[in-house]
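Bear in mind these aren't lab numbers, they're just calculated from the coordinates by the rules spelled out. Everything numeric here is computed off the predicted structure, so don't read it as measured data. So basically every Cβ, Gly included, is an ideal-geometry build from the backbone, and we count neighbours across all protein chains shown.
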Amino acid sequence: MGPIAQLVELPAHNRMVRGSNPLGPTNKFAASVRLYFYRGADMIIIKNKEQIDGIRKASIIAANTLKYIEPFIVEGVNTEQLNQLCHDFMVQNNAIPATLNYHGFPKSICSSINNVVCHGIPSIKDVLKNGDIINIDVTAIHEGYFGDCSKTYIVGKANPKITEFVSITETAMNLAIKALKPGNLLSIIGSTIQTYVEQFSYSVVRDYGGHGVGLHFHEDPHVSHFHNKENEIILKKGMIFTVEPMINMSKNWRVVTSKKDGWTVRTKDKSLSAQFEHTVLITSDSYEILTLPDEG
Ligand code: MF3
Ligand code: CO
Ligand code: CO
């Protein structure tokens, strides 16, 4: 046991926005998303060395899971099979899948195909077809620490326009991460991503964002992937959060949650949506991506 974590209080403007509703007073859904997912302690946990080392290990297991699953993502496989493989891989690596039973989520990964934005539930009914895109989102708990990452894979060979869309989404995440360092504002993430992807007439999903992570699955702060004053928070060494933009292949950023299962989030206009996610640490002079797989 090391010293207890240091805390940075969230600035008032961030708390206010979190408590209110960025999509307008009639959109009850957006408010419930926040209540549901964020701890709402109004504190950003600054991690110490021991915690960082633990979160790094959990993050590597999550990243190794994404690398392990890649060759299994082929035409004809169903997402329940991918779920089982990822589950077993995490358990073999002394990790617990964080999504399993999280607020009732029934599976060990999220699998989001084509127009599914996020929180897709693995199922034997979801069989991959050539040209599909699928995001696999893995969060591993190892020795009590959390690491969270995701990737969008292409099944077989997709239309070049789709391949380009997926690669632009990954570049958007990477450009935002490269802008991180102590003293910069967290909102540099949203402005970087929004400016970049809107050039291609894509849009940034607003209802979901990144989050602090490490000692819990979802910690403060909420990380916006579009430009938002809420994220005018000065970055400090020892902060750990995810950067996980969800990008729609159209100008419409609106999403709809399934009434049937209460989880699956789809684009409103049925356009494709892609996502990449890393867990990132703010270091003394820049950043470190924690969710990188082992070499080899
Ligand atoms: N891993 C997702 C994230 O990036 C959260 C999934 S929560 C679940 O934050 F309940 F849908 F599994
Ligand atoms: Co996340
Ligand atoms: Co995730």
>> Please check: in the Gaussian network model of the chain (C-alpha springs, under 10 Å), which one of A274, A176, A158 has the largest mean-square fluctuation.
In response: A158
>> I'd like the Karplus ³J(HN,Hα) series for the range 216-230: coefficients 6.51, -1.76, 1.60, θ = phi - 60°, whole numbers in Hz, and an x wherever there's a Gly or Pro.
In response: 9, 5, 10, 10, 5, x, 6, 10, 8, 9, 10, 5, 7, 5, 3
> Which order do W263, W253 fall in if you start with the one that has the fewest other Cβ atoms within 10 Å?
Replying inline: W263, W253
> Taking amide hydrogens as modeled 1.01 Å from N in the peptide plane, which residues meet the under 5 Å criterion relative to L7, leaving out close sequence neighbours?
Replying inline: I46
>> Through the Karplus equation 6.51 cos²θ - 1.76 cosθ + 1.60, θ set to phi - 60°, convert the phi angles of the range 72-79 into ³J(HN,Hα) values in whole Hz; use x for Gly and Pro.
In response: 7, 8, 9, 3, x, 7, 9, 6
> Using the Karplus equation 6.51 cos²θ - 1.76 cosθ + 1.60 (θ = phi - 60°), what ³J(HN,Hα) coupling, rounded to whole Hz, does each residue of the range 260-273 give in order, writing x for Gly and Pro?
Replying inline: 5, 10, x, 10, 4, 9, 10, 5, 5, 8, 6, 6, 6, 9
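State, as an integer percentage, the relative contact order of the range 157-264 based on alpha-carbon contacts under 8 Å between residues 6 or more apart. Walk me through the numbers on the way to the answer.
Details: 186 pairs, mean separation 33.1, N = 108.
Once divided by the residue count of the range 157-264, the mean separation gives 31 percent.
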> Among T192, T65, which comes first, second and so on when ranked by fewest other beta-carbon atoms within 10 Å?
Replying inline: T192, T65
> Long-range amide H contacts for M246: which residues qualify at under 5 Å (H placed 1.01 Å from N, peptide plane, sequence gap of 5 or more or a different chain)?
Replying inline: V205
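DSSP loop (so not H, G, I, E, B), at most 11 other Cβ within 10 Å: list which chymotrypsin sites (Phe, Trp or Tyr not before Pro) in the range 141-198 pass both filters.
none
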> What residues have an amide H closer than 5 Å to that of V255, excluding those fewer than 5 places away on the same chain, when H is modeled at 1.01 Å from N in the peptide plane?
Replying inline: K268
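Find the Cα radius of gyration of the range 6-289, compare it with 2.2 N^0.38 Å by division, and give the number to two decimals.
My calculation over the Cα atoms of the range 6-289 gives 0.94.
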>> Whole angstrom only: what separates the Cα centroid of the range 210-269 from the Cα centroid of the range 147-201?
In response: 13 Å
>> Using Cβ contacts closer than 10 Å as the measure, can you line up S258, S59 from fewest to most?
In response: S258, S59
> Do the alpha carbons of any pairs in K229/K259; K151/K181; K107/K260; K107/K259; K178/K270 sit beyond 20 Å of each other, and which pairs?
Replying inline: K229/K259; K151/K181; K178/K270
> Shape call for the range 90-247 from the C-alpha gyration tensor, a ≥ b ≥ c root eigenvalues: rounded (a/c under 1.5), prolate (a/b greater than b/c) or oblate?
Replying inline: oblate
>> Only Cα pairs within less than 10 Å get springs; with that Gaussian network setup on the chain, which residue of K251, K129, K161 has the largest fluctuation?
In response: K161
